[in-house]
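Worksheet: the structure to be examined is printed underneath.
The values are calculated or read from the model by the stated rules, or taken from the named source; none is laboratory data. Since the model is a prediction, treat every value here as computed from it, not as a measurement. Please note: Cβ atoms are built from the backbone with ideal geometry, for glycine as well, and neighbour counts cover all protein chains shown. Just the protein is used for accessible areas: all its heavy atoms, side chains included, with ligands, DNA and RNA removed. Shrake-Rupley method; radii C 1.70, N 1.55, O 1.52, S 1.80 Å.
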Amino acid sequence: MDVYGLIGNPVGHSLSPPMHEAAYDALGLDARYVTFEPDEDAAVDAVAGADALGVAGLNVTVPFKRDVAAAVETDDLASAVGAVNTLDFSGETVTGHNTDVEGAVRALREQADAKLEGSTAVVVGAGGAGRAVAFGLADAGASVRVANRTVERAESLAADVSRAVDGATVGARGLDDLVGALADADVLVNATSVGMEEDETPVPAAALHGGLVVLDAVYAPLETRLLRDATAAGARTVDGAWMLLYQGAAAFERWTDEPAPVDAMNDALRNGLSQ
Ligand code: NAP
């Protein structure tokens with residue numbers, strides 16, 4: 001039996017176990033997916049221990065994505081983002097990858113048919129999710145505007161993207177002129193945590209329009225105020241569970257070399273989110 005898992009703290013409410021185990025069931029794989037909650041200073045030791053024990057693959061979540069990235073061999077995109085969420089133990093050394101990047105891009109392409117190459121995208125947020133989304137969109141050929149409450153963090157992310165992605169066009173700003181930033185934009189991604197705790201949105205409804213595809217990385221609740229406002233403005237919307245699904249699917253595909261059974265994974269994820 002192959003053992004996969006997730007390390008983070010806390011991980012008690014993670015939907016990754018049902019999502020991945022639905023994939024194993026759908027394909028008849030002899031595998032389990034379990035959660036591990038090491039102490040805050042023990043993540044790197046936990047990864048070495050998992051390697052020694054023959055764990056087949058690990059996802060990594062908050063607060064360990066950066067510390068673990070510094071301790072494993074990262075691919076180019078994960079090193080540019082500075083964070084990993086997927087570890088592969090199949091080679092000589094443990095390798096680290098960031099499938100949040102692919103999760104966001106695939107969600108936009110597959111759920112809203114978004115054409116990213118040559119598009120203009122506004123990414124609101126410059127934390128872990130914002131970094132992954134900004135790199136993913138720039139890598140897909142979008143011109144990216146990063147908007148963040150703390151402007152310096154947006155500027156630092158924009159500089160990192162410019163350095164790492166050949167030919168990237170990326171700018172930075174605060175949250176005060178989202179109407180101007182979005183007027184000619186094709187894509188909007190909310191990568192802040194706003195909308196999770198309260199029925200709030202980081203983007204004024206007046207900034208939204210029918211030419212936008214809007215992805216909200218927030219997945220609990222699924223129908224955020226931003227997505228309701230976007231629907232009312234005539235935009236195409238993609239909820240955060242799609243990003244979560246495709247980051248999981250990308251990890252599954254890396255680990256097993258099989259196409260992910262995304263329908264089964266999606267059913268399990270949405271079932272978990274509705275509980
Ligand atoms: P993080 O690293 O803590 O970053 C939080 C971001 O939210 C920062 O840009 C922060 O701005 C901004 N923010 C927080 N409170 C705000 C407020 N009141 N007004 C304006 N901006 C505010 O968190 P993260 O890991 O990036 O996660 C962000 C969200 O994405 C969470 O809801 C998480 O669940 C979601 N997420 C979803 C997926 C998925 O697969 N769907 C994957 C990863 C994360 P400052 O820099 O100014 O503090």
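Some points to look at:
- Residue satisfying all of: in the stretch 123-150; within 18 Å of P204 (Cα to Cα) and either among the charged types (D, E, K, R) or surrounded by fewer than 24 Cβ atoms within 10 Å (Cβ to Cβ) (or both); farthest from the ligand (Cβ to nearest atom) among these: R145
- Of all residues in the stretch 86-113, those satisfying the criterion of being outside any helix (DSSP H, G or I) and open to solvent by less than 10 Å² (accessible area, probe 1.4 Å) are T86, L87, G96.
- When T120, T74, T95 are checked against the criterion of being modelled with pLDDT of 95 or more, of a type in the set (S, T, N, Q), touching a His at 6+ places or on another chain (Cβ under 9 Å) and away from the ligand (no atom under 16 Å from the Cβ), T74 stands alone in meeting it.
- Residue match in the stretch 103-115 (condition: within 30 Å of A43 (Cα to Cα) and touching a strand residue (DSSP E or B) at 6+ places or on another chain (Cβ under 6 Å)): yes
- In summary, W255 fulfils each of the numbered conditions (1) hydrophobic (A, V, I, L, M, F, W, C); (2) in a loop (DSSP other than H, G, I, E, B); (3) open to solvent by 20 Å² or more (accessible area, probe 1.4 Å) with the single exception of condition (2).
- Matching residues in the stretch 13-34 - criterion: being open to solvent by 70 Å² or more (accessible area, probe 1.4 Å) and either under 19 Å from the mean Cα position of the chain (by Cα) or not assigned by TED's automatic domain parsing to the domain that holds A264 (or both): H13
- Residue in the stretch 164-176 that is basic (K, R), within 23 Å of G103 (Cβ to Cβ) and out of contact with any helix residue (DSSP H, G or I) (no Cβ under 6 Å at 6 or more places or on another chain) present: no
- If you go through the stretch 194-234 and keep only what is open to solvent by 10 Å² or more (accessible area, probe 1.4 Å) and in contact (Cβ under 8 Å) with a residue 40 or more places away in the chain, you end up with P202, A217, Y219, A220, L222.
- Qualifying residues in the stretch 171-193 (those that are open to solvent by 40 Å² or more (accessible area, probe 1.4 Å) and not small (G, A, S)) - the one farthest from the ligand (Cβ to nearest atom): D184
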